[in-house]
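The values are calculated or read from the model by the stated rules, or taken from the named source; none is laboratory data. From a predicted model like this one, the values you see are computed outputs, not experimental measurements. Glycine gets a Cβ as well: all are built from the backbone with ideal geometry, and neighbour counts include every protein chain shown.
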Amino acid sequence: MKAFHQLATVQNILLAYNEDQPLHRFLVQFYKKNKQMGSKDRKISSRLIYNYYRLGKALEALQLQDRLLVAEFLCNQESSSYVEYYKPEWSAFIANPIVEKIEQVKGVYPAFSLKDVFPFTNHLSTGIDSNAFLLSQFVQPDLFVRVKRNAVADFEFKLRQQEVVYQKLDKVTFSFKNGTKLEQLIPEKGIYEIQDWSSQKTGTFFKPQKWDKWWDCCAASGGKSLMLLDEQPDIKLLVSDIRESIIENLNERFIQAGIKGFQAKILDLTQNISVFLHDYEFDGIILDAPCSGSGTWGRTPEMIAQFEQSKIQFFQNLQRKIISNVIPYLKVGKSMIYITCSVFKEENEEQIEWITDHFGLEVENQEIIKGYEHKADSMFVARLVKK
């Protein structure tokens, strides 16, 4: 009967979820209202609902019970009471490679198509292996952190002391199984930042020099700025965002990290900003552009079901407004770092072509960071020099 109750819970969640906020935030509220659910029940329900969304738009015509069964079978590698109850003959194969499990699903549900999981593959950036990318949608990405350079030894010592399972990917990057309560294990704030592996890789494009003036113009929570300052703490930094609450959160994060002497402004980069930046010019600009976020949907699979293809054009237009208003503040001979967490060519290489055609910047380097090969987000980054 466990599986029956699990199905009923998922049904209640889907009925209550209006898709007007991230799923993880909604689930926190849902569990607060349903305190009778124990921690194990919450964990299983969360896994089931996330797996359900990982199917994207595949087998949409199926009843919830069957669609959830397929999702749980494909996404889960460990024994599942739901699969054991509704399809016991699949239980012995749940740890098999995903390609083998897909063939089993097709044997029962011939309408299943991998392309329906992420029905936007004709928009993927050049260099992305569409089949590998589609298969990655069934895998929960890992948790990644970037540790301050001077705190790595202490951080790693505390991990070993508490017998935390981890991987050290490079000098400052560590990965953990998603769901690791790192803030409880290492409560010291400021010595590490939760930041995806691919996001950290964009930092190799920054190349700041001492006393440079940099502008992180869509700073959000400030992750890129912190990475920039960790590499070169002697730069002069301006951070901006359109949202006041985000700037407030950034200020708190910078204080925890011991960062001082930066400027912060609330700016709408789709509008004329000359009155706010009339005498500013920069040696480097980080434009982590607002985008579809399609490279991060492995973490937020509910977005696949909510996304409409027309939004790609919306984001492309939005990015071009921002680009046009930002480039005038870049010094000649200096670089703009253009970043998205999108896998769509319209937001990535097509934007770079548009920049070079309309503003005369030259591409020094650009890359699709294939996070799907590393249980991470996928991103795009380009370094462009103003001539």
Could you please find all residues in the stretch 182-199 being at pLDDT 90 or above and of a type in the set (K, R)? none
Top-ranked residue of the stretch 203-247 - restricted to ones that are assigned to a loop (DSSP other than H, G, I, E, B) and of a type in the set (K, R), ranked as farthest from K321 (Cα to Cα): K210
Answer yes or no: is there a residue in the stretch 242-249 that is crowded, with 16+ Cβ neighbours inside 10 Å, touching a Phe, Trp or Tyr at 6+ places or on another chain (Cβ under 9 Å) and touching a residue at least 12 places away in the same chain (Cβ under 8 Å). no
Is it the case that some residue within the stretch 296-303 is more than 30 Å from A71 (Cα to Cα), of a type in the set (F, W, Y), touching a helix residue (DSSP H, G or I) at 6+ places or on another chain (Cβ under 7 Å) and part of a loop (DSSP other than H, G, I, E, B)? no
Here the residues within the stretch 178-202 that are within 16 Å of D230 (Cα to Cα) and among the small types (G, A, S) are G190, S199
Taking the stated definitions as given, is L169 over 20 Å from A382 (Cα atoms), within 19 Å of the chain's Cα centre (by Cα) and at pLDDT 95 or above? yes
Could you give me the residue pairs with C-beta distances under 8 Å whose first residue belongs to the stretch 309-332 and is within 17 Å of L277 (Cα to Cα), whose second residue is surrounded by fewer than 18 Cβ atoms within 10 Å (Cβ to Cβ) and β-branched (V, I, T) wherever it lies, and which are 6+ apart or on separate chains? K321/T270; I322/T270; N325/T270
Kindly provide the set of residues from the stretch 126-164 that are in a loop (DSSP other than H, G, I, E, B), in contact with a helix residue (DSSP H, G or I) (Cβ under 7 Å, 6 or more places away or on another chain) and closer than 19 Å to R299 by Cβ, ordered by number. Q137, F138
Within the stretch 309-329, residues being surrounded by fewer than 13 Cβ atoms within 10 Å (Cβ to Cβ) and more than 15 Å from Q271 (Cβ to Cβ) number 4
Tabulated pairs, the stretch 1-26, first at pLDDT 90 or above, second acidic (D, E), C-beta under 6 angstrom, 6+ apart or interchain: L23/E302
Filter result (among the hydrophobic types (A, V, I, L, M, F, W, C), within 15 Å of K375 (Cα to Cα) and surrounded by 13 or more Cβ atoms within 10 Å (Cβ to Cβ)) within the stretch 129-166: F133, L134, L135, F138, V139, L143, F144, V145
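Residue-wise test of (1) under 21 Å from the mean Cα position of the chain (by Cα); (2) in a strand (DSSP E or B); (3) modelled with pLDDT of 95 or more; (4) surrounded by fewer than 24 Cβ atoms within 10 Å (Cβ to Cβ).
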residue: I355; (1), (2), (3), (4): no, no, yes, yes
residue: H358; (1), (2), (3), (4): no, no, yes, yes
residue: K375; (1), (2), (3), (4): yes, no, yes, yes
residue: F380; (1), (2), (3), (4): yes, yes, yes, no
